[in-house]
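First up is the structure itself, then whatever we jot down about it.
The values are calculated or read from the model by the stated rules, or taken from the named source; none is laboratory data. Quantities reported herein were computed from a predicted structural model and do not represent experimental measurements. Ideal geometry is used to build each Cβ from the backbone, glycine not excepted, and the neighbour counts take in all protein chains shown. With ligands, DNA and RNA removed, areas are computed over all heavy atoms of the protein, side chains included. Shrake-Rupley method; radii C 1.70, N 1.55, O 1.52, S 1.80 Å.
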Amino acid sequence: YERGGYAVAISPDERWVAWTGYEKYLTRLEIREFVRLVDLQEPEKHGWDVLRGDADYDVVRFSPDGRWLAAGDVEGTAPLVSVVDPAAEPRLLGAVAGGVAAMVFASDDALVALGGDGEVCAWSLARG
């Protein structure tokens with residue numbers, strides 16, 4: 001068994017930490033990628049995975065109001081997770097060419113992502 005991490009973000013109110021990483025099970029030849037959300041008021045619970053699968057998430061950002069968590073992966077997709085209701089189904093905002101190289105919230109409801117190929121995309125959280 002092996003585990004590692006790629007990126008970390010702290011919510012504006014400093015209550016939440018989000019981190020991306022992987023778990024490798026050598027006996028099963030299985031690798032799981034994840035984005036984990038940890039409540040710093042209960043860190044002993046180690047948080048829970050809000051995204052899990054094959055995507056290599058290497059960027060995470062909280063919205064300025066702390067209600068949203070955006071992730072970016074090496075394939076270019078940008079899923080959005082509700083921090084207010086982390087059990088809710090994540091939604092895909094869009095994708096950017098060349099993998100997500102960087103992302104930033106321009107406001108509480110607008111996310112801008114830069115792709116590895118130089119493409120810049122902006123998405124409204126209200127519209128998707």
So the check is Cβ under 7 Å with 6+ separation or different chains; which pairs have a first residue in the range 40-61 that's within 16 Å of Gly115 (Cα to Cα) and a second one that's open to solvent by 60 Å² or more (accessible area, probe 1.4 Å) and outside any loop (DSSP other than H, G, I, E, B)? Tyr57/Tyr6; Asp58/Tyr6; Arg61/Val104
Could you please give the count of residues in the range 66-90 that are out of contact with any Pro (no Cβ under 9 Å at 6 or more places or on another chain), open to solvent by less than 40 Å² (accessible area, probe 1.4 Å) and assigned to a loop (DSSP other than H, G, I, E, B)? 4
Read through the list (1) of a type outside the set (Lys, Arg); (2) open to solvent by 30 Å² or more (accessible area, probe 1.4 Å); (3) over 13 Å from the mean Cα position of the chain (by Cα), then give the number of the only condition that Ser124 fails. (2)
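Can you spot a residue in the range 106-118 that is in contact with an Asp or Glu (Cβ under 6 Å, 6 or more places away or on another chain), open to solvent by less than 50 Å² (accessible area, probe 1.4 Å) and in contact (Cβ under 8 Å) with a residue 40 or more places away in the chain?
Taking the range 106-118 as the starting set, the residues that turn out to be in contact with an Asp or Glu (Cβ under 6 Å, 6 or more places away or on another chain) are 108.
Restricting the remaining residues to those that are open to solvent by less than 50 Å² (accessible area, probe 1.4 Å) gives none.
There is no residue in the range 106-118 that is in contact with an Asp or Glu (Cβ under 6 Å, 6 or more places away or on another chain), open to solvent by less than 50 Å² (accessible area, probe 1.4 Å) and in contact (Cβ under 8 Å) with a residue 40 or more places away in the chain.
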Would you check which residues across the range 48-64 are within 14 Å of Val81 (Cβ to Cβ) and surrounded by fewer than 20 Cβ atoms within 10 Å (Cβ to Cβ) and list them? Trp48, Asp49, Arg52, Gly53, Ala55
Scan the range 95-115 residue by residue and report those that are under 17 Å from Asp54 (Cα atoms), among the small types (Gly, Ala, Ser) and part of a strand (DSSP E or B). Ala95
Taking the condition of being in contact with an Asp or Glu (Cβ under 6 Å, 6 or more places away or on another chain) and at pLDDT 95 or above, how many residues in the range 24-64 meet it? 2
Name the one entry in Asp39, Asp56 that is closer than 19 Å to Ala101 by Cβ and of a type outside the set (A, V, I, L, M, F, W, C). Asp56
Report every pair of residues separated by at least 6 positions or lying on different chains whose Cβ atoms are under 8 Å apart, first residue within the range 1-22 and farther than 14 Å from Val38 by Cβ and basic (Lys, Arg), second open to solvent by less than 70 Å² (accessible area, probe 1.4 Å) and at pLDDT below 95. Arg3/Gly21; Arg3/Tyr22; Arg3/Glu23; Arg3/Lys24
